[in-house]
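The values are calculated or read from the model by the stated rules, or taken from the named source; none is laboratory data. On a predicted model such as this, the values are computed, not experimentally measured, just so you know. Every residue, glycine among them, receives a Cβ derived from its backbone with ideal geometry; neighbour counts consider all protein chains shown.
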Amino acid sequence: MKDFITKKGIYIAIAAVVIAIIAAVSVAISGGRGDLASMLSQPFFRPLRSAMTALVDSLESIYNYMYSYDEMEAENQELRNRVAELEEEYREYTQMSQEVDRLRELLGFSETREELKFTPVSVISWTASNFASSFTISRGSNAGIELYDAVVTSTGYLVGQVTGVTASSATVTTILDTTMSIGARVYESGGTGVAQGDFQLFLDNKLKMAYLSEDDEIIIGDTVVTSGEGGLFPSDLVIGYVESLVASDSGLEDYAIIRPAADINGVTDVYVVTETAIGGTEVR
Amino acid sequence: MGKRQNRVLLKIIIVVPYMLVLYIFQSMVFPYLKIAGVSPLLLPLAVAGAALFNGRVAGGVIGIFAGVLCDLSFNHSTIVFTVFLAVAGVLLGAVCDSVLVKGFPSYLLCCICLLFLCGFVQMFPLVFLHGVPVLPLMGVVLRQTLYSIFFTIPIYYMARFVSRVI
């Protein structure tokens, strides 16, 4: 070692001086912000360091993901349940809102017709027959529903009549059915007639008003209401509106085509008129 | 439980759901899926199947069952279809036993005849009691029959399967 230093000492000293000078110069150039080794190594190690950092970050995120997966899954499930609950609440709210609207309409109508008592029912099913228009409702004689009770919408538009009753359900034949005949009156002119189902019109969701008097002045758009004659239907329930007038050669068979006020085929909730008290006397 | 009782129970287990499925489709599904203003009749197709594959007795029994369900689906307070489909099942079964070969063409023929007869049974009260003109009624009968014919293919295979059990 002593020989090595003795023989090579001069070279080592020169090298040390050169390195010291270069280091001093580089420090002077960089303003004291780094040393030569770091300056030389940065171009090589920076990409490597960046890659290593990215790799570590990825590994860390994978580790975190695996570590917290169960927790995230539980949270996800909880959120799904919450969304389902909120959707259910929204559906209920929508249904309740619709029900409130209907009841509000009915309240408005029932305030004008205090002599009538209404029982709310739902439509369960429609007839499968292509020759009739009837449906089954969710309540029957247990709810006070009786044969020939009138059935209306929440706005008081006539839908039909109860034609069959069991304890827990009833059959309603609509005003479009060929078998239906209702004593009717034109609200504007006071002319009377019979609103009845007609098979050809039934296919177009309409009915006709027959037995019109020649003196009646009926105009398209006039409102047709129940006359109350016969006692089967309360008076002044809106049946529909005059859509057109059909004249026969003799004038004896003139009739008006009526468009029902209620959306007969679209009703889902209707009201059965279970009591019709006129002047304090209950009539059916 | 004896073999005979087991067999009767098996028949009931197979036939009742088969008829109920047809009833549900006829009365609760297709009234909302009308084409050209009509919905199809499915229960008479089951009667035609029973009559063709199993003869007059099965035709009659299935006819009664299908008739009751038809009257229910039509909101009828009468038993028109119960009587009609029972009689039709027996008569069709007798014809099938003696004349027709058991196959789809025979089944289709039976179905078309039965569907037209059902249509006529439905329109007669309107013609005779309410004076409805025949022509528009015939139009509905025709459309109803055509729509129902679409369902002969699936119901043929269902009826054939059921016939092998009963």
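Under 9 Å between Cβ atoms, at least 6 apart or on separate chains: pull out the pairs that start in the stretch A:59-77 with a residue that is without any contact (Cβ under 8 Å) to a residue 60 or more places away in the chain and end on any residue that is hydroxyl-bearing (Ser, Thr, Tyr) and surrounded by 10 or more Cβ atoms within 10 Å (Cβ to Cβ).
A:MET72/A:TYR65
Name the one entry in B:VAL132, B:VAL90, B:VAL68, B:VAL141 that is farther than 23 Å from B:SER27 by Cβ, crowded, with 17+ Cβ neighbours inside 10 Å, out of contact with any strand residue (DSSP E or B) (no Cβ under 8 Å at 6 or more places or on another chain) and modelled with pLDDT of 90 or more. It would help to see each step written out before you state the result.
Values: B:VAL132 fails: modelled with pLDDT of 90 or more; B:VAL68 fails: farther than 23 Å from B:SER27 by Cβ; B:VAL141 fails: farther than 23 Å from B:SER27 by Cβ.
Going through B:VAL132, B:VAL90, B:VAL68, B:VAL141 in turn, the sole match is B:VAL90.
On the given criteria, is B:ILE112 in contact (Cβ under 8 Å) with a residue 40 or more places away in the chain and either among the acidic types (Asp, Glu) or more than 18 Å from A:THR179 (Cα to Cα) (or both)?
No, not satisfied.
Within the stretch A:168-222, how many residues are more than 30 Å from A:ASN142 (Cβ to Cβ), within 13 Å of chain B (Cβ to nearest Cβ) and of a type in the set (Asp, Glu)?
Result for the stretch A:168-222: 2.
How about the stretch B:125-142: which of its residues are at the interface with another protein chain (Cβ under 10 Å from one of its Cβ atoms) and not aliphatic (A, V, I, L, M)?
Within the stretch B:125-142, B:PRO125, B:HIS130, B:GLY131, B:PRO133, B:PRO136, B:GLY139 qualify.
Does B:GLY119 satisfy being free of Cβ contacts under 8 Å to residues at least 40 places away in the same chain, under 24 Å from B:MET158 (Cβ atoms) and facing another protein chain (nearest Cβ under 10 Å)?
Numbers: free of Cβ contacts under 8 Å to residues at least 40 places away in the same chain: yes; under 24 Å from B:MET158 (Cβ atoms): yes; facing another protein chain (nearest Cβ under 10 Å): yes.
Judged against the criteria, B:GLY119 is a match.
Check A:LEU147, A:LEU116, A:LEU107, A:LEU103 and return the single one that is free of Cβ contacts under 8 Å to residues at least 24 places away in the same chain and either more than 14 Å from chain B (Cβ to nearest Cβ) or under 30 Å from B:PHE25 (Cβ atoms) (or both).
A:LEU107
Tell me yes or no: at least one residue of the stretch B:27-47 is surrounded by 14 or more Cβ atoms within 10 Å (Cβ to Cβ), more than 14 Å from chain A (Cβ to nearest Cβ) and either closer than 22 Å to B:VAL165 by Cα or among the charged types (D, E, K, R) (or both).
Yes, because at least one residue in the stretch B:27-47 is surrounded by 14 or more Cβ atoms within 10 Å (Cβ to Cβ), more than 14 Å from chain A (Cβ to nearest Cβ) and either closer than 22 Å to B:VAL165 by Cα or among the charged types (D, E, K, R) (or both).
Please state which one of A:SER154, A:SER125 is facing chain B (nearest Cβ under 10 Å) and of a type outside the set (A, V, I, L, M, F, W, C). So that I can check it myself, show each step before the final result.
Values: A:SER154 fails: facing chain B (nearest Cβ under 10 Å).
Answer to the check: A:SER125.
Taking strands (runs of 3 or more DSSP E) that fall entirely within the stretch A:130-202, which contain at least 2 residues that are touching a helix residue (DSSP H, G or I) at 6+ places or on another chain (Cβ under 9 Å)? Give the derivation first.
Numbers: elements: A:134-137, A:150-152, A:158-165, A:170-174, A:181-186, A:192-196.
Ranges flagged: A:158-165, A:170-174.
Just a yes or no: is a residue in the stretch B:128-149 touching a Phe, Trp or Tyr at 6+ places or on another chain (Cβ under 6 Å) and under 26 Å from B:VAL16 (Cβ atoms)?
no
Confirm whether A:ASN142 is within 14 Å of another protein chain (Cβ to nearest Cβ), surrounded by 11 or more Cβ atoms within 10 Å (Cβ to Cβ) and more than 20 Å from the chain's Cα centre (by Cα). Can you show your working first?
On the way: within 14 Å of another protein chain (Cβ to nearest Cβ): no; surrounded by 11 or more Cβ atoms within 10 Å (Cβ to Cβ): yes; more than 20 Å from the chain's Cα centre (by Cα): yes.
No: the conditions fail for A:ASN142.
Taking B:LEU52 and the conditions (1) facing chain A (nearest Cβ under 10 Å); (2) among the hydrophobic types (A, V, I, L, M, F, W, C); (3) in contact with a Cys (Cβ under 6 Å, 6 or more places away or on another chain), which numbered condition does it fall short on, given that it satisfies the others?
Of the numbered conditions (1) facing chain A (nearest Cβ under 10 Å); (2) among the hydrophobic types (A, V, I, L, M, F, W, C); (3) in contact with a Cys (Cβ under 6 Å, 6 or more places away or on another chain), the odd one out for B:LEU52 is (1).
May I ask you to say which residue of B:ILE62, B:ILE14 is in a helix (DSSP H, G or I), of a type in the set (Val, Ile, Thr), at pLDDT 90 or above and surrounded by 13 or more Cβ atoms within 10 Å (Cβ to Cβ)?
Numbers: B:ILE14 fails: at pLDDT 90 or above.
Answer to the selection: B:ILE62.
Quick one: in the stretch B:57-92, of everything that is more than 11 Å from the chain's Cα centre (by Cα) and polar (S, T, N, Q), which residue is farthest from the other protein chains (Cβ to nearest Cβ)?
Filtering the stretch B:57-92 for residues that are more than 11 Å from the chain's Cα centre (by Cα) and polar (S, T, N, Q), the one farthest from the other protein chains (Cβ to nearest Cβ) comes out as B:THR78.
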